[in-house]
Amino acid sequence: MKTFLFFIPFILASLTLHSQVKAITEKGDTILVFKNGTWTKYQKKSELSNQDSKVEVTITVDEFSDEKKICTKNTYFSNNDKNYSKSSLYGSICIEKDLIIFEMMCLKTDLGCMIQNKSMMQVKLTNGEIIDFIQISPTSCKDSHTISFYALSKDNLLEPIFMKPDIDYNLSLLKTYNWEVIRITGSEYYINFTATFDNGLFFKQHLLALENNK
């Protein structure tokens, strides 16, 4: 993540993306500027159009509160860890109460315990950035887990003032770049899952599908 250490002249473009602003620097580069003063390069070529996302979604409405929950269909992730040859991972993304939650189902993975507010998922992107996710679901010590994550590091979970800007920044990267490796870490061990041709666009496509169905 880049932080402004000095003033960089830029011209604000007319498009505002949620809590980020698209801007043009003095050199003509297009960037996304976030409320916390950080910025990232705007990658127009890697954006997906509405037609590019063919991910199925399900929408459920609570009959008492009328609150809507939107979830994408589970995607399978291959496993390249020889120590966990029988393990598998399925993932989906949901929006509930304006929060984006990453749901991961790990089958036959003895990682020790998956601990609430401590265990992590990390996603390495094709630009080299690593996104940290913190577990928000209850602690589980089984050999199979269904885990909910926020796109936020443990440290920033403890600093509410930084939560939304950092989540927005992480989501912008996930929408821009493909992923290469997913690592899920429990109390004892970790396991890696590597992107394939079929699921390399998982975060881009699923996040776009949610946006299209809000």
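The values are calculated or read from the model by the stated rules, or taken from the named source; none is laboratory data. All values derive from a computational prediction rather than experimental measurement. Every residue, glycine as well, gets a Cβ built from its backbone with ideal geometry; the counts of neighbours run over all protein chains shown.
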In this structure, does PHE197 turn out to be in the same structural domain as PHE133 (by TED's automatic domain parsing) and free of Cβ contacts under 8 Å to residues at least 12 places away in the same chain? yes
So is ASN117 at pLDDT below 85 and not basic (Lys, Arg) or not? no
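Give me the residue from the range 95-114 that is touching a residue at least 60 places away in the same chain (Cβ under 8 Å), in contact with a Cys (Cβ under 9 Å, 6 or more places away or on another chain) and among the hydrophobic types (A, V, I, L, M, F, W, C) and, out of that set, surrounded by the fewest Cβ atoms within 10 Å (Cβ to Cβ).
CYS113
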Please specify each residue of the range 138-160 satisfying the condition of being modelled with pLDDT of 95 or more and under 18 Å from the mean Cα position of the chain (by Cα). ILE147, SER148, PHE149
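Yes/no per residue for (1) of a type in the set (D, E, K, R); (2) outside any loop (DSSP other than H, G, I, E, B); (3) without any contact (Cβ under 8 Å) to a residue 12 or more places away in the chain; (4) assigned by TED's automatic domain parsing to the domain that holds ASN74:
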residue	(1), (2), (3), (4)
LYS118	yes, no, no, yes
ILE134	no, yes, no, yes
SER137	no, no, no, yes
ASP143	yes, no, no, yes
LEU152	no, no, no, yes
LYS164	yes, yes, no, yes
LEU173	no, yes, no, yes
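Can you tell me which residue is farthest from SER78 (Cα to Cα) among those in the range 191-207 that are aromatic (Phe, Trp, Tyr) and part of a helix (DSSP H, G or I)?
First, pick out the residues of the range 191-207 that are aromatic (Phe, Trp, Tyr): 193, 197, 202-203.
Next cut, part of a helix (DSSP H, G or I) only: 202-203.
Values: PHE202: 13, PHE203: 15 Å.
So the residue we want is PHE203.
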For LYS214, only one of the following conditions fails: (1) over 24 Å from LEU99 (Cβ atoms); (2) assigned to a loop (DSSP other than H, G, I, E, B). What is its number? (1)
Return the total of residues in the range 82-116 being within 26 Å of LYS214 (Cα to Cα) and either of a type in the set (Ser, Thr, Tyr) or assigned to a loop (DSSP other than H, G, I, E, B) (or both). 4
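To keep it simple, each residue is scored yes or no on (1) modelled with pLDDT of 90 or more; (2) under 27 Å from THR60 (Cα atoms).
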{"position": "PHE162", "(1), (2)": "no, no"}
{"position": "LEU171", "(1), (2)": "yes, yes"}
{"position": "ILE184", "(1), (2)": "yes, no"}
{"position": "PHE202", "(1), (2)": "yes, yes"}
